[in-house]
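Participant: Handing you a structure now.
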Amino acid sequence: MEAAARYLNFMPYLLKTEPDKYSYDNLVRDGETVWDGITNNQALLTLRNMKKGDQLVIYHSNIGKAAVGTAKVVSVDASDPKNPKVRIQPVRRLKKERPLAEMREAGVFHDSPMFRQFRLSVVPLTDEQYRWLTEN
């Protein structure tokens, strides 16, 4: 019960990044970054709705195609709706990366927008999806 309770106050999200442009290791090295530069309207809406403390899973797209680490939202500046600035910090690298193929096979992702709208770079997660990705 305690593990489930820690997820109740914060919304989990998956953020996709191309590791040859900005990897999880870059985030760890930098200690913090602003997650911006998103152009898809649905992804922009999701970014604008983020709150300080929200839990994040960082997913390497194109190269690696796997969830690799966790992060958290430090602040959100949505004053410019077309360019919200979400500041994030790394939390921890996953002990076991979760490849796209495993995610696709996991029943918990059956209705995920990640597999219905492949181009989305910001995807809301359910608590169950977050736990599946991070508890290993």
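The values are calculated or read from the model by the stated rules, or taken from the named source; none is laboratory data. Predicted model only: the values in this text are computed from it and were never measured. Don't worry about glycine lacking a Cβ; one is built from the backbone with ideal geometry, like all the others, and counts go over all protein chains shown.
Participant: Please go through region 66-84 and pick out each residue that is touching a helix residue (DSSP H, G or I) at 6+ places or on another chain (Cβ under 9 Å), under 17 Å from Ile38 (Cβ atoms) and crowded, with 21+ Cβ neighbours inside 10 Å. Spell out how you get there, then give the answer.
Facilitator: First pass over region 66-84, keeping only residues touching a helix residue (DSSP H, G or I) at 6+ places or on another chain (Cβ under 9 Å): 66-71, 76, 78, 81-84.
Filter once more, so that each one left must be under 17 Å from Ile38 (Cβ atoms): 71, 76, 78, 81-84.
Hits for region 66-84 are Ala71, Pro84.
Participant: Report yes if Leu133 is within 13 Å of the chain's Cα centre (by Cα) and of a type in the set (A, V, I, L, M), otherwise no.
Facilitator: yes
Participant: Could you tell me which numbered condition Lys21 fails, if it satisfies all but one of (1) more than 15 Å from Ser121 (Cβ to Cβ); (2) part of a loop (DSSP other than H, G, I, E, B); (3) of a type in the set (Lys, Arg)?
Facilitator: (1)
Participant: Could I ask something else about it? If you check Val86, Val108, Val68, which single one turns out to be over 24 Å from Asn26 (Cβ atoms), in contact with a Phe, Trp or Tyr (Cβ under 6 Å, 6 or more places away or on another chain) and either at pLDDT below 95 or part of a strand (DSSP E or B) (or both)?
Facilitator: Numbers: Val86 fails: over 24 Å from Asn26 (Cβ atoms); Val68 fails: over 24 Å from Asn26 (Cβ atoms).
Exactly one of Val86, Val108, Val68 is over 24 Å from Asn26 (Cβ atoms), in contact with a Phe, Trp or Tyr (Cβ under 6 Å, 6 or more places away or on another chain) and either at pLDDT below 95 or part of a strand (DSSP E or B) (or both), namely Val108.
Participant: Same structure again: Looking at region 18-35, I want the residues that are under 15 Å from Ser75 (Cβ atoms) and have a partner that is surrounded by 12 or more Cβ atoms within 10 Å (Cβ to Cβ) and modelled with pLDDT of 95 or more with Cβ atoms under 6 Å, at least 6 apart or on another chain. Which pairs are those?
Facilitator: Glu32/Gln89; Thr33/Leu27; Val34/Arg87; Trp35/Val86; Trp35/Ile88
Participant: Right, next: Can you tell me which of Ile63, Ile88 is surrounded by 18 or more Cβ atoms within 10 Å (Cβ to Cβ) and not hydroxyl-bearing (Ser, Thr, Tyr)?
Facilitator: Details: Ile63 fails: surrounded by 18 or more Cβ atoms within 10 Å (Cβ to Cβ).
Result of the check over Ile63, Ile88: Ile88.
Participant: Same structure, new question: Counting just the residues of region 114-123 that are under 24 Å from Asp36 (Cβ atoms) and either among the hydrophobic types (A, V, I, L, M, F, W, C) or in contact with a helix residue (DSSP H, G or I) (Cβ under 6 Å, 6 or more places away or on another chain) (or both), which one comes out modelled with the lowest pLDDT? Steps first, please.
Facilitator: Start the filter on region 114-123 by keeping residues that are under 24 Å from Asp36 (Cβ atoms), which leaves 114, 117-123.
Then keep just the ones that are either among the hydrophobic types (A, V, I, L, M, F, W, C) or in contact with a helix residue (DSSP H, G or I) (Cβ under 6 Å, 6 or more places away or on another chain) (or both); that gives 114, 118, 120-123.
Details: Met114: 77, Phe118: 65, Leu120: 79, Ser121: 88, Val122: 92, Val123: 91.
Among residues in region 114-123 that are under 24 Å from Asp36 (Cβ atoms) and either among the hydrophobic types (A, V, I, L, M, F, W, C) or in contact with a helix residue (DSSP H, G or I) (Cβ under 6 Å, 6 or more places away or on another chain) (or both), the one modelled with the lowest pLDDT is Phe118.
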